Structures are given as structure tokens and as C-alpha cells.
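Student: Sharing a structure here in C-alpha cells format.
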Amino acid sequence: MTLLTLSMAAIILFRLNRVLGRSDFSPSAKTRVFFTALILISLWIILISLFSFLGLLSQFDQFPPRPVFLILLPLPLVLYFSFTRTFRKLASVTPKAWFIQIQVFRVMVEIILWMMFLADQIPIQMTFEGANFDVLAGLTAIPAAYLFLSKGQYKRRALIIWNIIGLLLLINILVIAVLSMPTPMRYFMNDPANTIVATFPYALLPGVLVAVAYTMHIFSLRQLFLDKG
């Protein structure tokens with residue numbers, strides 16, 4: 001989980017640097033945007049790691065449980081940034097395929113979840129053998145980018161629908177994960193309860209990887225809605 005998280009952070013920062021190089025921002029503005037992203041991503045990963053090490057996420061006697069806040073806290077910032085002038089300028093020089101293709105990492109997430117189930121660390125409903133179909137977003141990411149964007153093709157409506165379906169698949173597993181936690185609202189009673197996401201390094205899954213997945217969908221949708229062509 002740690003390696004995947006750090007790999008995704010590195011990929012995002014690498015691509016951001018490439019996009020900034022194609023933009024018409026001043027050199028100082030490019031540096032400011034890049035290092036702002038670097039600091040925010042690094043601090044978030046460090047804070048999640050620290051909180052999980054200290055056991056601050058492992059209290060499940062209240063609803064919603066604390067791991068849920070890891071998922072929701074970045075969302076307002078992501079939504080705000082997607083409506084800024086900076087995002088509009090970056091989106092105009094970002095290949096549309098990139099926001100789609102990067103979602104392939106969700107295949108690896110689902111493999112990790114399946115291995116955790118085999119190790120009796122999470123319940124079956126959180127895997128593709130149960131009620132988690134999020135792997136479909138990862139499996140279709142590359143084909144969707146190819147079919148809807150390659151060879152001069154640009155199927156804007158199809159890309160919008162793909163992103164919405166991807167968000168719905170993400171919401172589905174998030175709801176399942178929350179209802180599998182040992183809270184007063186627990187619905188799925190088969191063992192083990194979903195408590196491992198409050199420990200290190202598994203807290204990086206809801207805190208970082210889930211945030212990456214919905215951020216890329218939001219950015220892709222904003223880019224598509226900004227592009228009227």
C-alpha cells in the first residue's frame with residue numbers, strides 16, 4: 001500500500017511538471033504551483049501515517065468513523081481548485097487521456113484488497129468476489145481512453161458517462177467499507193470487521209488512493225465540461 005501510494009504521488013507530480021512546462025505560466029508561477037502540490041501531497045501522506053501510527057483513527061464507537069473523514073477532507077479543496085483559473089489553464093494543456101488512463105491503478109488496489117481478504121484481514125464484500133465492482137473502472141480505463149480519444153476520436157458524452165460510472169463504482173465500495181466497520185450503523189456482520197483501514201499503511205487507502213480516484217474523475221469531468229468542442 002505504501003509503495004502504491006508513493007508511486008501515485010510521484011506519477012501525479014511528474015505529470016504536473018510536464019503540464020506546467022506546456023503552460024504559459026511564468027517561471028515563478030510554475031514553481032509555485034508545483035511546490036504547493038508537492039507540499040500538500042507530502043503533508044497529507046505524513047499526517048495520515050502519523051494519525052494511523054498513533055491509533056487516532058481506530059475509534060469506531062461513533063458514526064461516521066474517523067477513516068471516513070480521511071476520504072472527505074480533501075474533497076472541498078479538490079472541488080474548489082477545479083473551479084479556479086489555475087485549473088482552467090492547466091486543463092487546457094493537459095491531455096484528456098491522462099485523467100482517464102491514470103485510473104488503471106485501481107486494478108492494483110483491488111488485487112491488494114483481494115490479498116487482504118485471503119489473509120482474513122477484510123470481509124469478502126469489500127473485494128471483487130463480493131460486492132465491490134470498482135475493478136471495472138481500472139480495467140476499462142485504458143480501453144476507454146483509446147476508444148474515445150485516439151485516432152482523432154473525441155466522444156465527449158461517452159467520457160462523461162464513463163467518469164460518472166467510475167464515481168458510482170467508487171461510492172459503492174466506500175459505502176460497503178463503512179457499513180462493514182464495527183460502528184452502531186454496521187450492516188455487514190460477517191467477520192472480520194473492516195478495522196484495518198484505520199491502521200498503517202492501510203489508512204493510506206481511504207486517505208490517499210480513494211482521494212486520487214475521485215480527484216481524477218472530478219478533474220476529468222471539469223475538463224470535459226470546460227471543453228465545448
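Read the figures in this text as sums done on the coordinates, not as results from a lab. A quick note: this is a predicted structure, and the numbers were derived from the prediction, not measured. Here the Cβ is made from the backbone with ideal geometry for all residues, glycine too, and neighbour counts use every protein chain on show.
Student: Return the distance in nm (one decimal) between the two label points of a simple spin-label model at I160 and Y146, each offset 7 Å from Cα along Cα→Cβ.
Tutor: Label at I160, label at Y146, 2.6 nm between them.
Student: Could you give me D for the chain, from Stokes-Einstein at 10 °C and 1.306 mPa s, where the hydrodynamic radius is the Kirkwood radius over C-alpha pairs? Units µm² s⁻¹, please.
Tutor: D, rounded to a whole number, is 86 µm²/s.
Student: I want to verify a result. In a Gaussian network model of the chain, Cα cutoff 10 Å, which of these has the top mean-square fluctuation: S82, S28, S49?
Tutor: Highest fluctuation of the listed residues: S28.
Student: Okay, moving on. What number, rounded to the nearest 500 deg cm²/dmol, is the helix-based mean residue ellipticity at 222 nm of the chain, given -39500 (n - 2.57) per DSSP H run of at least four residues and division by all its residues?
Tutor: -21500 deg cm²/dmol
Student: How far, in degrees from 0 to 90, does helix 210-226 lean away from the longest principal axis of the Cα atoms of the chain, to the nearest 10?
Tutor: Orientation of helix 210-226: about 30 degrees from the principal axis.
Student: If the viscosity is 0.692 mPa s and the temperature 37 °C, what translational diffusion coefficient in µm²/s does Stokes-Einstein give for the range 66-192 when Rh comes from Kirkwood over Cα pairs?
Tutor: 199
Student: A further question follows. Can you tell me which aspartates and glutamates have their Cα less than 20 Å from the Cα of K89? Leave out same-chain residues fewer than eight positions away.
Tutor: D24, D227
Student: Please identify every one of the trypsin sites (Lys or Arg not before Pro) in the range 91-186 that sits in a loop by DSSP and has no more than 11 other beta carbons within 10 Å of its own beta carbon.
Tutor: Counting only loop positions with at most 11 other Cβ atoms within 10 Å, the trypsin sites (Lys or Arg not before Pro) in the range 91-186 are K151.
Student: Further question on the same structure: Starting from the Cα of T84, step 7 Å along the direction of its Cβ; do the same at L13; then give the gap between the two resulting points in nm.
Tutor: Between T84 and L13, the simple spin-label model gives 1.8 nm.
Student: Between 0 and 90 degrees, rounded to the nearest ten: what's the tilt of helix 135-149 against the longest Cα principal axis of the chain?
Tutor: With both axes taken from Cα atoms, the answer is about 10 degrees.
Student: Compute the helix-to-body angle for 2-22: its Cα long axis versus the longest principal axis of the chain, expressed 0 to 90° and rounded to tens.
Tutor: Taking the Cα atoms of the chain, the angle to 2-22 is about 10 degrees.
Student: Here is a follow-up. State the Cα centre-to-centre distance between the range 43-71 and the range 110-189 in whole Å.
Tutor: 22
Student: Also, quick follow-up: Under a crude label model (7 Å from the Cα following the beta-carbon direction), how far is L50 from A131 in nanometres?
Tutor: Taking the two extended label points, one gets 3.7 nm.
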